[in-house]
1. Using helices alone, what [θ] at 222 nm do you get for the chain, with -39,500 (n - 2.57) per DSSP H run of 4 or more residues, divided over all residues and rounded to the nearest 500?
2. Let's test this: bin the Cα-Cα distances of the chain at 10 Å from zero up to the farthest pair and state each bin's percent.
3. Under a 1.4 angstrom probe, counting protein chains only, how are S175, S162 ranked by accessible area, largest first?
4. Using a 1.4 angstrom probe on heavy atoms only, work out the carbon and sulfur share of the accessible area of the chain in %.
5. Based on DSSP loop calls and a cut-off of at most 13 other Cβ atoms within 10 Å, the longest stretch of the chain free of exposed trypsin sites (Lys or Arg not before Pro) is what?
6. Round to the nearest 10 and give me the degree value, 0 to 90, for the angle of helix 193-204's Cα axis relative to the longest principal axis of the chain.
7. Angle, helix 104-131 long axis vs. longest principal axis of the chain, Cα atoms, 0 to 90°, nearest 10?
8. Could you calculate, for region 62-180, the ratio of the Cα radius of gyration to the Kirkwood radius, expressed as Rg to Rh?
Amino acid sequence: MRKGLPEITKTLADYAEARTNAVVMIEQLYEHKNRLGDYLKQFGPHLTPDASRIYKDINHSICELDRGFWRRSFEVTEFRKYMDHQAKTEFDRDIENNPPAFTIENIKETFFSLYQDADMMFQRGIVGVFKSLCGGFKTNKKEPFRVGEKIIITYTTDTFYSKPRVHYGREQIISDIDRVFKVLAGEKHNPRELEQKLNSQWAENDGVYECEFFKIKAFKNGNTHWYFKRLDLLDQVNELIAEYYGSNILSN
């Protein structure tokens, strides 16, 4: 799986250099802004143009810069494709609350750790996606630690539309399942792409969607039935799930 990881060293090094140069520019910008404010004070209050009040303070601006570079770095390296919705949410929360300085040292430490854990992170995401399925349906628990050729996902569609549409809040599990199969197939995953295609084709095909990977039927009770067409990829999913549980990573 890792052989598909892109070459990232030069790109991230360039980003780190750009961040360093941008910090210098921000510091110069604040110096000029403060000089402008001090100059205009002698002529009266509230004369400094709003455009010169860029952010709350210089530290706030540098944090915003770091957040932007960390997010961009994850887009460029495509590491987000190995992360399920929970992992992405945790990453976004950490970056929002306390972004580390986007320096070459922090980049190396972060991405070395991610590279080491990429397979595990992807496996954990697979387990999390399919473990969350409702266990009330026999088709969802055909065998322990194994996904069958058909699954049922509850509350997937809104029932008050004349045509089925993806229910708000369920787009994440749809995107995660799509992500798993696209990554295993070596194809690019675009978040919410499958959701948009479902809404479009369900409206045209009486609640039925079909592609290379899935056949997905929407029902009036809000459930969707998923039929996996690429059994070779389903076998890989099940091998990864079995390996994950076999390593005693989960306690239950």
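The values are calculated or read from the model by the stated rules, or taken from the named source; none is laboratory data. The shown structure was predicted, so the numbers you read here are calculated from the model rather than taken from an experiment. Please note: Cβ atoms are built from the backbone with ideal geometry, for glycine as well, and neighbour counts cover all protein chains shown. Accessible surface areas use protein heavy atoms only, side chains included; no ligands, DNA or RNA. Shrake-Rupley method; radii C 1.70, N 1.55, O 1.52, S 1.80 Å.
1. On the way: 7 runs with 136 residues, N = 252.
Here the helix-only value at 222 nm equals -18500 deg cm²/dmol.
2. Values per bin, smallest distances first: 6, 24, 25, 19, 14, 8, 4, 1.
3. Numbers: S175 15, S162 120 Å².
Largest accessible area first, the residues go S162, S175.
4. Values: 7540 of 15020 Å².
In the chain, the share of accessible area belonging to carbon and sulfur is 50 percent.
5. Details: sites that count: R53, K56, K142, K188, R192, K220.
The longest uninterrupted stretch comes out as 57-141.
6. 50 degrees
7. Between the helix axis and the principal axis of the chain, the angle is about 30 degrees.
8. Details: Rg = 17.9 Å, Rh = 16.6 Å.
Expressed as Rg/Rh, it is 1.07.
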